[in-house]
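Here is the structure we will look at, set down as structure tokens.
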């Protein structure tokens, strides 16, 4: 892979969608070719799976079903969009990726992480993000933000305990993978959050430019 793969993670209400667009504009301004995408989703097939995963109209699904659907969508997303873009030297910005499976299905649902790791290896091979922005805030604040916007999807209707477990898992992963994780304090107001993001992005761009000179 010759491109740069950046993922955006965190519990609901952390501002991922707003800030991924902020990063996209900054990279475009810096002359970087980008692909902006999301999970679950990113391709026609994967978006159809997303509809199933988030639908409140369908009966409750087994936790294993949820996990396998996530990776089915991810497999298509990788092969059809992410890997080709990276091979072309593009900067891929993805709203959630496999860390979300560890956090939501592992931390939240309680699925053994070794099973998630098996699927990760099978579906992704050695493809992993180069950098991960973690938008961290307490779950109650995040849920309040989401629910104030109006209708919620199936996962957003889960309990506060579910999201507390997710946050704890994200913070655990940030310690385990401190080389690629960049924690953003998402409790702050938007200008402060975006200043943090801009500072981190500047460091990433400088690092990549330095690497091309080696």
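The values are calculated or read from the model by the stated rules, or taken from the named source; none is laboratory data. Nothing here was measured: the structure is a model prediction, and the numbers come from that model. Ideal geometry is used to build each Cβ from the backbone, glycine not excepted, and the neighbour counts take in all protein chains shown.
Of everything in the stretch 191-208 that is under 19 Å from the mean Cα position of the chain (by Cα) and touching a residue at least 24 places away in the same chain (Cβ under 8 Å), the residue that is surrounded by the fewest Cβ atoms within 10 Å (Cβ to Cβ) is 198. Check the stretch 51-67 and report whether any residue there is assigned to a strand (DSSP E or B) and either closer than 16 Å to residue 94 by Cβ or touching a residue at least 24 places away in the same chain (Cβ under 8 Å) (or both). No, the stretch 51-67 has no match at all.
Tell me yes or no: at least one residue of the stretch 140-163 is in a helix (DSSP H, G or I), in contact (Cβ under 8 Å) with a residue 60 or more places away in the chain, touching a helix residue (DSSP H, G or I) at 6+ places or on another chain (Cβ under 9 Å) and more than 16 Å from residue 13 (Cβ to Cβ). No, because not a single residue in the stretch 140-163 is in a helix (DSSP H, G or I), in contact (Cβ under 8 Å) with a residue 60 or more places away in the chain, touching a helix residue (DSSP H, G or I) at 6+ places or on another chain (Cβ under 9 Å) and more than 16 Å from residue 13 (Cβ to Cβ). Of all residue pairs spaced 6 or more apart or on separate chains, those with beta-carbon atoms under 7 Å, a first member in the stretch 172-189 that is touching a residue at least 60 places away in the same chain (Cβ under 8 Å) and a second member that is in a loop (DSSP other than H, G, I, E, B) are 186/10; 186/14; 186/15; 186/137. No other residue among 23, 92 is part of a strand (DSSP E or B), touching a strand residue (DSSP E or B) at 6+ places or on another chain (Cβ under 9 Å) and within 25 Å of residue 208 (Cα to Cα) apart from 92. Residues in the stretch 40-50 that are in a loop (DSSP other than H, G, I, E, B) and buried (at least 21 other Cβ atoms within 10 Å of the Cβ): 40, 41, 42. When residue 11 is tested against (1) in a helix (DSSP H, G or I); (2) modelled with pLDDT under 95; (3) surrounded by 19 or more Cβ atoms within 10 Å (Cβ to Cβ), just one condition goes unmet, and that condition is (1).
Table: residues versus (1) surrounded by 13 or more Cβ atoms within 10 Å (Cβ to Cβ); (2) at pLDDT below 95.
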{"position": "114", "(1), (2)": "no, no"}
{"position": "124", "(1), (2)": "yes, no"}
{"position": "135", "(1), (2)": "yes, no"}
{"position": "158", "(1), (2)": "yes, yes"}
{"position": "210", "(1), (2)": "no, yes"}
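For the stretch 73-89, the criterion of being part of a strand (DSSP E or B) and closer than 16 Å to residue 127 by Cα is met by none of the residues.
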